[in-house]
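Asker: Okay, here's the structure, questions in a sec.
Taken together, the values in this text are just the output of simple stated rules run on the coordinates, not laboratory data. None of the values given here were measured: they were computed from a predicted structure. All Cβ positions, glycine included, derive from the backbone under ideal geometry; neighbour counts span all protein chains shown.
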Amino acid sequence: MKIIVAIKQVPERDAQVRINSSGKWIEEADLLFAMNESDAYALEVALQLKEKHGGEVIVLSAGPERAGTTIREALAKGADRAIQVESDDLSQRDALGVAQLLATAAKQESPDLVLTGLQSDDLGYGQTGVIMAELMGVPHASLILNVEKTDSGITVKRELEEGWFQNIELPLPAVLMIQSGGTKLRYATLMGIKKAKTKELRRISTAELGKASAPAAVLEKIAHPQKQKSTQIIPGSAKEAAATLVEKLKFEVRVI
């Protein structure tokens, strides 16, 4: 079973983010980067499938040279080899542009299964895996917590709303978008880190993957969220005020 896992390098969650001079992206010079969280779960699902059924796990990532450290982390955890699409302008490509790069590179490997994270921690489009499936002409499913191989394909467990789940069957090849928290993540061992240095990491340029289509969406500006404070006095008796407060917490704040 040949499995491709698409991973992305993103700023660490507790990083102090500053907007760069263009106002269109963040200042990356002093940031620490890590593997996107849901991509790490996609990698774990792939490694567990390999341990059960054999085969090969290939890491696929698009990004600048620094993304190589995150790719090596995936190799240290157990991936067999990796492909890096070298791109210094990934933040300026829309979801279609990124998916085109990944789908074209993935097609060359003719995988049985492609796994991606549900969404990235930086841009959060949640569209890359879905578009990849369309470009590759294969079925897909999202919000996946568990994957099991069958004689005819795979069965997956999807997370729905309000504690509901859905179990569906899909033929192979297919693309799955993995939800965070479905399994326990492993750490890279010392032996794994040593082996990662000798595993194949093939780098390809965006030019080798063909001309990209014009972006359907353009990122014009980013900004820090505005901090706001407000006070609202709820009139009426204690009983009436309590009922109004519960309604607001349910339908406006959505915390209960």
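Asker: Which order do LEU118, LEU176 fall in if you start with the one that has the fewest other Cβ atoms within 10 Å?
Answerer: The most exposed by this proxy come first: LEU118, LEU176.
Asker: What are the extents of the Cα atoms of region 2-209 along their three principal axes, listed from largest to smallest and rounded to whole Å?
Answerer: 53, 40, 34
Asker: Tally the DSSP beta bridges in region 2-209 and give the antiparallel ones as a percent, rounded to 5.
Answerer: In region 2-209, DSSP labels about 35 percent of beta bridges as antiparallel.
Asker: Would you mind ranking THR116, THR150, THR183 by Cβ crowding within 10 Å, fewest neighbours first?
Answerer: Ranked by crowding around the Cβ, least crowded first: THR150, THR183, THR116.
Asker: I'd like to compare 84-92, 97-105: which one has the highest average count of other Cβ atoms within 10 Å, and what's the full order after that?
Answerer: Those peptides, ordered most packed to least, come out 97-105, 84-92.
Asker: Excluding residues fewer than 8 places away in the same chain, name every one of the lysines whose C-alpha is closer than 16 Å to that of LYS197.
Answerer: LYS77
Asker: Looking at region 1-56, which trypsin sites (Lys or Arg not before Pro) are in a loop (DSSP not H, G, I, E or B) and have at most 14 other Cβ atoms within 10 Å?
Answerer: Values: sites: LYS2, LYS8, ARG13, ARG18, LYS24, LYS50, LYS52; in loops: LYS8, ARG13, ARG18, LYS24.
When the trypsin sites (Lys or Arg not before Pro) of region 1-56 are filtered for loop state and at most 14 Cβ neighbours within 10 Å, ARG13, ARG18, LYS24 remain.
Asker: Per DSSP H run of n ≥ 4, the term is -39500 (n - 2.57); total these for the chain, divide by its residue number, and report the mean residue ellipticity at 222 nm rounded to 500 deg cm²/dmol.
Answerer: -8500 deg cm²/dmol
Asker: Here is a follow-up. Would you mind working out the magnitude of the charge dipole of region 2-209 relative to its Cα centre, with +1 at each Lys and Arg C-beta and -1 at each Asp and Glu C-beta, to the nearest 20 Debye?
Answerer: With Lys and Arg at +1 and Asp and Glu at -1, about 740 debye.
Asker: Taking the beta-carbon count within 10 Å as an exposure proxy, list HIS140, HIS224, HIS53 from fewest neighbours to most.
Answerer: HIS224, HIS53, HIS140
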